[in-house]
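> Here's a structure for you.
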Amino acid sequence: MSKITSDLNLYNTADRAVSKFIPLNPGKVGIYLCGATVQAPPHIGHIRSGVNFDILRRWLTAIGYDVTFVRNVTDIDDKILHKAVHEEIPWWAVAMKYERAFSDAYAALNVAPPTYEPRATGHITQMIQLMEKLIANGSAYAPGNGDVYLEVRKLKSYLTLSNQKLDDLLSADDADLTYKKDPRDFALWKAAKPGDPSWPTPWGDGRPGWHLECSAMAHAYLGEAFDIHGGGLDLIFPHHENEIAQSESAGWDFAKIWMHNAWVTTSGEKMSKSLGNSLQVMEILKKVRGIELRWYLGSAHYRSMLEFSFEALEESSVNFRRIEGFLQRAKGLLKSDIQPSISAQFTAAMNNDLAVPQALADISELVRIGNTAITDNDLTTLAKSASEVRGALEILGCDPFDPIFADSSNSKSEILDGLISLALEQRSAARERKDFAASDAIRDSLTALGITIEDTPTGSRWTVN
RNA sequence: GGUCGGAUGGCCGAGAGGCGAGGCUCAGGACUGCAAAUCCUGCUACACGGGUUCAAAUCCCGUUCCGACCUCCA
């Protein structure tokens, strides 16, 4: 096992402060991230959460922790059932279709698959066991209509994560007190409605409420207590409060640190699902590469709102291409693969609650130093800076040499390389005999094809735009 | 009504008492046959009004505006 090499500090929503991370078990970290409800294709807000927590996971791994990363799939809920009716296909076909869409989007952005990716419907047994426990110890009740509720007034710690008081909550308009003891009591389990999928329980046939699955699955894969529970800001209440209520009622310590990512916004507002298709991940990937979209989504601090615009995405891509170009040049000059390493500044930034923007400033400085080293033909300095740039990019999931981002058309690019080299030889010959009209004509032709030429002291380089 | 967050230069985006993060754009320069790439220089900002302090973008009080959550939510 590698040594833990640094002191990590993380923000905990539960106490609204950054503090030193101390794992429950030395050398190990358990993380549970609330994943997608698979009822529509992912938009960039969904995937930002995936990217942010992927960076956390990579950093924890880099500094020596053995990370168990669980991200669930909610494959049963009201919207999935509605969509099934609307699309006239079974509910499970809807869930699988969009689960695949999410998996594809994660893969396109180099978000590593979780250690475990449990589906809610695969854990009904664990949910029933949890409900039995909660009913047996008086925390929950089954009033006979097929629903099972958690009695929130019995819990002293309820709403401590969101710092609210039970009586201050707006009461739900549709609160039905026929069966509920209190309007704020929430459903662990919902009685079956005609035509809906259902599973048998001691209290009648039905399906899981939204909150129960995460408590049951986090417990199944990470135990009664684990280090980090993550999700979007909007999950704090009610979802995470209710998870805490269920789990603590069962006598579990549950999550020690709560981390929440902020939204991608448009026009200052939270992205809404009614915006249409334009901000779906796969639509945006028609305009920029996955590595560039990831660079953009990862570049703001995870707790800051990221105001999306195509202009900002483009300028972020320009910034990334400068770094990428540097690494490509460095690789050519060093005549070997660049070995990733982690700079002290990058470590300091990441340990400060994953201060990626601070890390980006360090990367820019390293690129500048490296580019200057290229001009000075200082290969020692170049090797060091290139190595540190690559190491940082690897943690951010944006290593241009990562095979996941490699161009799949390798055999084609060999042919292309040969053809362009041929043209460049002609151009060099023309330049040597000072026939600049001819050499510029070749360059202009290549430019028109989307190929950019750079003349360097050691010859001409080309890149496809 | 309760709870939480935000307002920083042309744009994006950090910071959280004292040297103007960084990027993008733009302008000028170096290099180049000309370009491209790269490097250098410049563009001196923190919503408003008070206060604390030797010193405030940062802390305190007040104000305005924007956003989020309050049982669908990344």
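The values are calculated or read from the model by the stated rules, or taken from the named source; none is laboratory data. None of these values were measured; they are calculated from a predicted model. Please note: Cβ atoms are built from the backbone with ideal geometry, for glycine as well, and neighbour counts cover all protein chains shown. Surface areas here come from the heavy atoms of the whole protein model, side chains and all, with no ligands, DNA or RNA. Shrake-Rupley method; radii C 1.70, N 1.55, O 1.52, S 1.80 Å.
> What is the helix-to-structure angle for A:356-376, meaning the angle in degrees between its Cα long axis and the longest Cα principal axis of chain A, kept from 0 to 90 and rounded to the nearest 10?
10 degrees
> Whenever you get a sec, compute what percent of the accessible area on segment A:9-261 sits on carbon and sulfur atoms (1.4 Å probe).
51 percent
> Please report, in debye to the nearest 20, how large the charge dipole of chain A is about its Cα centre when each Lys and Arg carries +1 at its beta carbon and each Asp and Glu carries -1 there.
Here the size comes out at about 500 debye.
> Just the number please: accessible area per residue for segment A:378-461, 1.4 Å probe, all protein chains included, in Å².
59 Å²
> Right, something else. Could you tell me which of the pairs A:K28/A:K133; A:K83/A:K180; A:K180/A:K256; A:K79/A:K190 are separated by over 19 angstrom between their Cα atoms in the structure shown? Numbers along the way, then the final one.
Numbers: A:K28/A:K133 29 Å; A:K83/A:K180 29 Å; A:K180/A:K256 31 Å; A:K79/A:K190 15 Å.
From the list (A:K28/A:K133; A:K83/A:K180; A:K180/A:K256; A:K79/A:K190), the Cα-Cα distance tops 19 Å for A:K28/A:K133; A:K83/A:K180; A:K180/A:K256.
> Restricting to chain A, what percent of DSSP beta bridges are antiparallel, rounded to 5?
50 percent
> Using alpha-carbon pairs under 8 Å, 6+ residues apart, how would you state the relative contact order of segment A:370-465 in percent?
Reported as a whole number, the value is 11 percent.
> Could you please state, rounded to a whole Å, how far the C-alpha centre of segment A:143-166 is from the C-alpha centre of segment A:1-78?
If we compute the Cα centre of each part, the gap is 26 Å.
> Same structure, new question: Roughly how many percent of the accessible protein surface of segment A:281-405 is carbon and sulfur, given a 1.4 Å probe and a whole-percent answer?
54 percent
> Rolling a 1.4 angstrom probe over the protein heavy atoms, how many square angstrom per residue are accessible across segment A:1-94?
42 Å²
> Turning to a different aspect of this structure: If you average the sequence gap of Cα pairs under 8 Å that are 6 or more apart and divide by the length of segment A:94-205, what percent do you get for the contact order?
Across segment A:94-205, relative contact order equals 25 percent.
> Same structure again: How far, in degrees from 0 to 90, does helix A:44-62 lean away from the longest principal axis of the Cα atoms of chain A, to the nearest 10?
Roughly 80 degrees, rounded to the nearest 10.
> Net charge within 10 Å of A:V67 by Cβ-Cβ distance, Lys/Arg positive one each and Asp/Glu negative one each, not counting A:V67 itself?
+1
> Compute the FRET efficiency between A:N145 and A:Q426 as 1/(1 + (r/R0)^6), taking r as their Cβ-Cβ distance and R0 = 56 Å, and round to the nearest 0.05. Write out the running numbers ahead of the final one.
Values: r = 83 Å, r/R0 = 1.48.
Efficiency computed from Cβ-Cβ geometry: 0.10.
> Rounded to the nearest 10 Å², what accessible area does A:S139 have for a 1.4 Å probe in the complete protein model?
20 Å²
> Set the Förster radius R0 to 22 Å, insert the Cβ-Cβ distance between A:F401 and A:T380 as r into 1/(1 + (r/R0)^6), and round the FRET efficiency to 0.05.
Given R0 = 22 Å and the Cβ-Cβ separation, E is 0.60.
> Let me ask another. Using only the Cα atoms of segment A:335-465, what semi-axes does the equivalent ellipsoid have when each is the square root of 5 times a gyration tensor eigenvalue? Give whole Å, largest first.
Ellipsoid semi-axes (Å, largest first): 35, 18, 13.
> Note the angle between two axes, namely the Cα long axis of helix A:290-299 and the longest principal axis of the Cα atoms of chain A, as a number of degrees from 0 to 90, rounded to the nearest 10.
The helix A:290-299 is inclined about 70 degrees to chain A.
> Taking only DSSP H segments of four or more residues, each worth -39500 (n - 2.57), what value at 222 nm results for chain A once the sum is divided by all its residues, to the nearest 500 deg cm²/dmol?
Result for chain A, helices only: -14000 deg cm²/dmol.
> With every protein chain present, what accessible area does A:E307 have (1.4 Å probe, heavy atoms only), rounded to the nearest 10 Å²?
Here the accessible area works out near 90 Å².
> Multiplying the sequence separation of A:D444 and A:Q164 by 0.36 nm and subtracting their Cα-Cα distance, what value in nm do you get? Write out the running numbers ahead of the final one.
On the way: separation 280, 0.36 × 280 = 100.80 nm, distance 6.54 nm.
Once the chain is fully extended between A:D444 and A:Q164, it gains 94.3 nm.
> Once a ≥ b ≥ c are taken as the square roots of the eigenvalues of the Cα gyration tensor of segment A:9-261, is the result rounded (a/c under 1.5), prolate (a/b larger than b/c) or oblate (a/b not larger than b/c)?
It is oblate, given that a/c is not under 1.5 and a/b is not larger than b/c.
> What list of ³J(HN,Hα) couplings, whole Hz, do you get for segment A:441-446 from phi and the Karplus terms 6.51, -1.76, 1.60, once you set θ to phi - 60° and write x for glycine and proline?
Calculated HN-Hα couplings, in order: 5, 5, 4, 4, 4, 5 Hz.
> Quickly rank A:209-216, A:184-191 as a protection proxy: mean count of other C-beta atoms within 10 Å, highest first.
A:209-216, A:184-191
> Let me ask something additional. Quick one: which residues, 5+ away or cross-chain, put their amide H under 5 Å from the amide H of A:V29? H built at 1.01 Å from N.
Residues meeting the amide H criterion: A:D66, A:V67, A:T68.
> What accessible area, in Å² to the nearest ten, does a 1.4 Å probe give for A:D455?
Rounded to the nearest 10, that gives 70 Å².
> Using alpha-carbon pairs under 8 Å, 6+ residues apart, how would you state the relative contact order of chain A in percent?
Averaging sequence separation for qualifying contacts and normalising by length gives 15 percent for chain A.
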